[in-house]
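The values are calculated or read from the model by the stated rules, or taken from the named source; none is laboratory data. Note that this is a predicted model, so its numbers are computed, not measured. Glycine also receives a Cβ, built like all others from the backbone with ideal geometry; neighbour counts cover every protein chain displayed.
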Amino acid sequence: MILDVDGVVFNYRSAPVIRDITFDLQPHQILAILGPNGVGKTTLLKCMNAILQPKSGSVLVEGADLLTSDRMEIARKVGYVPQRCEAGRMTVFDAILLGRRPHIRWDVTDADMRIVEAAIRMLRLENLTLRYIDEMSGGELQKVSIARALVQEPRVLLLDEPTSSLDLKNQLEILGIVRRVTTGHNVAAVMTMHDLNMALRYADRFILLKNGVIHAAGSPDVVTPETIEAVYGVPVTVERYNGFRFVVPLEPESA
Amino acid sequence: MHFADGVIPKDYLGYVRKKHLWILGGIVLLFLLLIVSISVGAVGIPPSEVFLSIVNGIIDRIDAFIHPGTVASVSSTDRIVWNIRLPQALAAIVAGIGLSVAGVAMQSILRNPLGSPFTLGISNAGAFGAAVSVILLGAGEMHSTVADAVTLNNPYLTTMVAFVFCLLATAVILLISRIRGASPEVMVLAGVALSSLFTAGTMFLQYFADDTQLAAVVFWTFGDVGRANWQELGIMALVTIAACLFFIANRWNYNAIDAGDETAKGLGVSVERVRDIGMVVAALVSAVIVSFLGVIGFVGLVCPHMVRRLIGDDQRYLIPGSCVMGGVLLLASDTVARVIVAPYILPVAVLTAFLGAPVFIYLLLAGYRR
C-alpha cells in the first residue's frame with residue numbers, strides 16, 4: 001500500500017467541508033475523485049499534501065504520516081499539479097527544474113538537470129526546452145506543470161482537474177501520460193475530475209463525494225446510474241462500448 | 001520514480017552562460033562608471049589618476065592597519081577622491097543595489113509588478129518621520145549659503161525618527177496581514193493606505209511649520225547620496241549586502257511563489273513564512289537607505305522591470321541582475337546630477353526618473369529580449 005488516508009476531516013471556519021474520508025491506494029493505481037462543484041474534491045486533494053491542514057485524520061505515504069512532516073519532506077513524497085499555474089518569463093527547462101526545489105540545497109547539480117531532461121523527453125517537450133512558458137498553450141503548460149511534479153520524484157501524484165480547459169487531443173495525451181507514469185514508475189495518482197467518461201477510461205479506483213462524505217468508493221463498478229443520480233442529481237444510464245463504460249445523461253425532466 | 005538516463009542539453013547550458021555574461025557585463029560597466037563618476041566634477045581628474053588614487057589609497061589603508069603609526073602622503077587629488085567623491089559614488093551604488101533588491105523581492109512576494117519600497121508606504125513613512133523630527137522635535141534649520149542651503153543640525157535625530165517610522169509602517173502592514181492571512185492583495189492595499197496616511201500627516205505638519213522648518217523637511221525628502229559619510233556608508237553597505245545574500249539564498253522560493261502559491265506549497269515552500277520574513281528584510285534595507293539618504297523613488301520599482309525585459313523573470317538571474325542595474329542607474333543619475341547644472345549639484349532623486357523613465361519606456365515598447 002502506497003497511500004493510506006484515514007478519517008480525514010476538514011472544517012472551514014468550524015463548518016465541516018469534508019468528513020470521515022478513508023481510503024487507500026496501491027502503486028500503479030489511479031484514483032478519480034468525482035462529485036459536483038463545491039462538494040470538497042479540491043479540498044480533499046489539498047488535505048492530502050497538507051496545503052490545507054485537516055482538523056483530524058491521517059495521511060500515510062508508505063507508512064509515514066504526512067500531516068506531521070515538514071513541508072519539504074512532504075514535497076519529496078507527493079507531487080501536486082494545481083488547476084492553474086502562473087506563467088512568467090521562464091524557459092520550459094527552468095520551469096521544470098523548479099520541481100527539484102525540495103531536493104536542492106544551495107544550487108542545482110548536474111544530476112538535477114539530467115532528471116529534468118529525462119522528464120522533458122518523457123513528456124515529449126524536447127522541441128520546447130528553451131521556449132518561454134508565457135508563450136505556450138494551455139495543453140503545453142499543463143505538461144510542464146506535470147513534468148515539474150514528476151521531477152520531484154514523488155511516490156504519489158495529486159492532480160486537480162488536470163484536463164479541464166483542454167481540448168480532446170490534449171485531454172487524451174495528459175491522461176495517457178498520467179497512466180504511463182503510474183504504471184512505469186511505481187507511483188500512485190489521485191485526480192479530481194468532472195468528465196466522468198474520461199475518468200472511467202483512465203482511472204482504476206473511484207470515490208464519489210456527496211455533501212463532503214464518501215457516497216460510494218471502489219472499482220469502476222461503483223459508477224452506476226443510481227450512484228451518479230444520487231451524487232449529481234441527474235438521471236443517467238451507463239453504457240458499454242468497445243470495452244469502456246460511458247455515462248450518458250437521460251433527458252432531464254425540465255427539458 | 002527514476003530518471004537515470006538524462007543528458008544536460010547543450011543549448012540550455014549556452015542559455016545559462018548568456019545570462020551570466022549579461023550580469024558580468026553589468027558589473028564591468030558599474031566599475032567603469034565608478035571611475036568616470038569620480039573623475040568628473042568641479043575639478044576634473046583623469047580616470048587613470050582616479051584609478052591610481054583608489055588603488056594607492058586602499059594599499060595605504062591596509063598598510064596603516066598592519067603597521068599603525070605610518071603616515072602616508074596624501075595629495076589634493078586623494079583628498080577629493082577619498083573624502084568627497086568616492087563615498088558619494090559608493091553610496092549611490094549601495095543605495096541603488098539596496099532599493100532595487102528590495103523592489104525585486106517585494107514584486108515577487110506581493111505578486112504585484114508595482115511592488116517597491118514606495119508602494120508599501122515605507123518611503124513616505126520615512127518622510128513623515130523626518131518631518132516629525134524637524135517640526136516637532138526641532139532638528140532642522142536653514143543656512144544662507146547657496147550650495148547647501150539647508151542643514152539638519154541634528155541629522156542623527158532625523159535619521160533615527162525616520163527609521164522608526166519606516167519600521168512602524170512595516171509592522172502595521174505585517175500586523176494587518178497576520179490578522180487577515182498573509183495575502184499579497186491585503187499587503188499591497190494596506191501599504192497604499194499607509195502611504196496616503198503618512199503623506200497626509202506630512203502635509204498636516206508642513207502646514208503648521210515655519211519657513212525654515214518647511215525648507216528642511218522638503219530638503220530631506222529630496223533623496224541625496226552625497227549625505228552619507230564613510231561610517232553611514234558602512235552601515236548601509238552591511239545591511240544591503242546581508243539583504244542581497246538573504247534574497248539570493250531564497251531565489252528558489254521566490255521562483256516557486258512566482259509559479260503560484262499552490263504550486264509553491266506543493267514544492268515544499270512555506271509561502272506565508274517566506275512572505276513575512278522577505279517583507280521584513282526588504283523593509284529593513286529600504287528603511288536604512290531612506291533614513292540616511294532621503295526619499296529616492298523609481299529605482300526600486302523600475303530597475304527590476306528593466307532587468308526582467310533583458311534577462312527574464314528567473315530569480316536566479318533577476319536578483320543579481322537587479323542589484324547591478326540598481327547600482328548602475330543610481331550612480332549614472334548621480335553623476336549626471338553633479339555635472340548637469342554645474343557648479344550647482346542636484347540631489348539624485350530629481351534625476352533618477354528623468355534618466356530612468358525614457359529608458360524604461362523604450363524597454364516596454366521594445367518588448368522582451370529573446
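At a glance:
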read-out	value
Tabulated pairs, the stretch B:182-194, first surrounded by 15 or more Cβ atoms within 10 Å (Cβ to Cβ), second among the polar types (S, T, N, Q) and part of a helix (DSSP H, G or I), C-beta under 8 angstrom, 6+ apart or interchain	B:S183/B:S177; B:V186/B:S177; B:M187/B:S177; B:A190/B:S177; B:L194/B:N124
Qualifying residues in the stretch A:98-121 (those that are facing chain B (nearest Cβ under 7 Å) and among the basic types (K, R)) - the one farthest from B:T263 (Cα to Cα)	A:R114
Which listed residue, of A:R240, A:R179, is in a helix (DSSP H, G or I), more than 23 Å from A:D20 (Cα to Cα) and out of contact with any Leu (no Cβ under 8 Å at 6 or more places or on another chain)	A:R179
Selected residue [surrounded by fewer than 24 Cβ atoms within 10 Å (Cβ to Cβ), in contact (Cβ under 8 Å) with a residue 60 or more places away in the chain and over 18 Å from the mean Cα position of the chain (by Cα)] from B:L284, B:L310	B:L310
Some residue of the stretch A:42-55 being small (G, A, S), buried (at least 16 other Cβ atoms within 10 Å of the Cβ) and in contact with a Gly (Cβ under 8 Å, 6 or more places away or on another chain)	no
Residues that are farther than 24 Å from B:A169 by Cα and among the hydrophobic types (A, V, I, L, M, F, W, C), drawn from the stretch B:258-281	B:A259, B:A264, B:L267, B:V269
Test: residue in the stretch A:19-38 that is within 14 Å of chain B (Cβ to nearest Cβ), without any contact (Cβ under 8 Å) to a residue 12 or more places away in the chain and under 15 Å from the mean Cα position of the chain (by Cα)	no
Candidate set from the stretch A:144-158 (those that are under 12 Å from the mean Cα position of the chain (by Cα) and farther than 12 Å from A:R76 by Cα); member that is farthest from the other protein chains (Cβ to nearest Cβ)	A:I146
Conditions (1) facing another protein chain (nearest Cβ under 8 Å); (2) within 19 Å of the chain's Cα centre (by Cα); (3) in contact (Cβ under 8 Å) with a residue 24 or more places away in the chain; (4) under 22 Å from B:N250 (Cα atoms): number failed by A:R71	(3)
Meets criteria (under 30 Å from B:Y344 (Cα atoms) and free of Cβ contacts under 8 Å to residues at least 24 places away in the same chain) for B:P9	no
Residue that is nearest to B:A243 (Cα to Cα) [pool: residues in the stretch B:292-306 that are of a type in the set (G, A, S) and buried (at least 24 other Cβ atoms within 10 Å of the Cβ)]	B:G300
Test: residue in the stretch A:32-42 that is hydroxyl-bearing (S, T, Y), out of contact with any Ser or Thr (no Cβ under 7 Å at 6 or more places or on another chain) and at pLDDT 90 or above	no
Test for A:E135: is it more than 9 Å from every other protein chain (Cβ to nearest Cβ), over 13 Å from the mean Cα position of the chain (by Cα), farther than 23 Å from A:Q29 by Cα and acidic (D, E)	yes
Of all residues in the stretch A:115-130 being under 22 Å from A:P102 (Cα atoms) and out of contact with any Asp or Glu (no Cβ under 8 Å at 6 or more places or on another chain), the one that is surrounded by the most Cβ atoms within 10 Å (Cβ to Cβ)	A:V116
Selection status of B:G57, over 30 Å from B:T119 (Cα atoms) and part of a loop (DSSP other than H, G, I, E, B)	no
Residue within the stretch A:175-186 that is away from every other protein chain (no Cβ under 11 Å), crowded, with 24+ Cβ neighbours inside 10 Å, farther than 19 Å from B:G6 by Cβ and in contact with a helix residue (DSSP H, G or I) (Cβ under 8 Å, 6 or more places away or on another chain) present	yes
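Here's the yes/no breakdown for (1) surrounded by fewer than 19 Cβ atoms within 10 Å (Cβ to Cβ); (2) at pLDDT 90 or above; (3) over 25 Å from B:V271 (Cβ atoms):
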| residue | (1), (2), (3) |
| --- | --- |
| B:S144 | yes, no, yes |
| B:R178 | yes, no, no |
| B:A216 | no, no, yes |
| B:F222 | yes, no, yes |
